[in-house]
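Chemist: Take a look at the following structure, please.
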Amino acid sequence: MQSFSRIGIVGAGLMGSGIAQVAAQAGYQVVLRDTSTDALENALAAITKSQARFVTKNIISSDDADAARSRISTTTELADFAGSQLVVEAVYERLDVKRQVFAELGGIVDATTILATNTTAIPITQIASSVANPERVVGTHFFSPVPMMKLCELVRGFHTSDETLARARDFAESVGKTCIVVERDVAGFVTSRLLVALLNEAVAIVESGVASASDVDIACQLGFGHTMGPLATLDLTGLDVILHAAENIYGATRDEKFAPPELLARMVAAGQLGRKTGHGFYEYGERR
Ligand SMILES: NC(=O)c1ccc[n+]([C@@H]2O[C@H](COP(=O)([O-])OP(=O)(O)OC[C@H]3O[C@@H](n4cnc5c(N)ncnc54)[C@H](O)[C@@H]3O)[C@@H](O)[C@H]2O)c1
């Protein structure tokens, strides 16, 4: 049984639009908010395009896709979240922006409304301290692309209550996700720590001439069953994004395994960011 009927989503970018899509497909009434109507139109277009792929593959019917879209309303006004039992924030990965959104939300929604953040790595406690009752703030870290990826990393902040965590789990499971729980909002949570540790070591192996990038990737794919090798993952995600994540986790922990390898920093400085620049650990020809 769904414990929410009306969901608010702040930020209609890649993640916010994906969360809106899966929530609407699960039967929720969704209010999607961004700062411009352009962003909202782009989000609706992205949802329509994504749904068309699911319809083509007979995963959902065209009627169900239409019905889900009709459950999504868009707004540029945060005040339209009044009456939402859950608000999921998916704005830029910046503490100041997220704190501002939460502080404004605190004055609009009911005291019992669950406030969730899709942050990749910012400690929930730092975001939650911008609202009066931080026990209802929780991390719901969905993965991209949201309609495809099955994981939701639930993150407990210092004050997050058991009830808030349970209700966040109910929501994530009701939209088809499997949850893991991060009991302390340490830098990088669980998934970014694992990812950074693996990618750092993969780069270090290449840097020291122990093995080539393609052999490291083949080792992980054929030896461990990974769908994609770590260097190909770096190229896809963006070397700059992973460098930033590694610097943040290393900065918070001072644990050497998270310290970005010199080669990674040098490639970023040289503008070799992976697929988006056409050059990374592999060559992609034109930009993609
Ligand atoms: N991109 C990924 O693969 C990924 C994966 C997991 C988690 N995340 C996290 O999800 C969050 C969103 O990431 P994204 O990739 O969707 O970003 P994005 O840049 O695609 O979208 C962010 C959206 O937030 C909007 N926005 C900014 N300030 C706002 C405000 N005050 N009110 C309403 N809207 C506002 C922007 O206009 C933009 O449309 C970030 O915290 C990110 O770290 C991203």
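Chemist: Averaging over every viewing direction, what projected area does the convex hull of the Cα atoms of the stretch 174-288 cover, in nm²?
Modeler: If I average the Cα hull's projected area over directions, I get 8.7 nm².
Chemist: What is the magnitude of the charge dipole of the chain about its Cα centre, with +1 placed on the Cβ of each Lys and Arg, -1 on the Cβ of each Asp and Glu, and no other charges, expressed in debye to the nearest 20?
Modeler: The calculated dipole for the chain is roughly 320 debye.
Chemist: Still on this structure, please answer the following. Note the full-extension length gain between GLU104 and LEU194 as 0.36 nm times their separation in residues minus their Cα-Cα distance, in nm to one decimal.
Modeler: Length gained, GLU104 through LEU194: 29.0 nm.
Chemist: Rounded to the nearest 0.05, what FRET efficiency do GLU247 and VAL181 have when you use their Cβ-Cβ distance and R0 = 30 Å?
Modeler: 0.70
Chemist: Hey, what number do you get for the chain at 222 nm if only DSSP H runs of n ≥ 4 count, each worth -39500 (n - 2.57), divided across all residues, to the nearest 500?
Modeler: -13500 deg cm²/dmol
Chemist: While we're looking at this one, here's another question. Taking a probe of 1.4 Å, how large is the accessible area per residue of the chain, in Å²?
Modeler: 48 Å²
Chemist: Suppose accessible area is computed on protein heavy atoms with a 1.4 Å probe; arrange ASP162, ASP215 from highest to lowest.
Modeler: Per-residue accessible area, sorted high to low, gives ASP162, ASP215.
Chemist: Still on this model: Give me the percent of accessible area attributable to carbon and sulfur for the stretch 18-165, probe 1.4 angstrom.
Modeler: After summing per-atom areas, the C and S share lands at 52 percent.
Chemist: For ALA111 and ALA204, calculate 0.36 nm times their separation in residues minus their Cα-Cα distance, and state this gained length in nm to one decimal.
Modeler: Full-extension gain reported as 28.6 nm.
Chemist: Measure of size requested: the Rg and Dmax of the stretch 79-190, with Cα atoms as the atom set and Å as the unit; please supply both.
Modeler: Cα radius of gyration and Dmax of the stretch 79-190 are 12.7, 35 Å respectively.
Chemist: Find, among the trypsin sites (Lys or Arg not before Pro) in the stretch 4-112, those assigned to loop by DSSP (not H, G, I, E, B) with at most 14 other beta-carbon atoms within 10 angstrom.
Modeler: LYS57, ARG94
Chemist: How large is log10 I(q)/I(0) at q = 0.09, 0.11, 0.12 Å⁻¹ when the Debye formula is applied to the Cα atoms of the stretch 1-157, each weighted equally and without solvent?
Modeler: For the stretch 1-157 at q = 0.09, 0.11, 0.12 Å⁻¹, log10 I(q)/I(0) is -0.26, -0.39, -0.47.
The values are calculated or read from the model by the stated rules, or taken from the named source; none is laboratory data. From a predicted model like this one, the values you see are computed outputs, not experimental measurements. Positions of Cβ are backbone-derived with ideal geometry, glycine not excepted, and every protein chain shown enters the neighbour counts. Ligands, DNA and RNA are stripped out before the accessible areas are found, and what is left, the full protein with its side chains, is counted by its heavy atoms. Shrake-Rupley method; radii C 1.70, N 1.55, O 1.52, S 1.80 Å.
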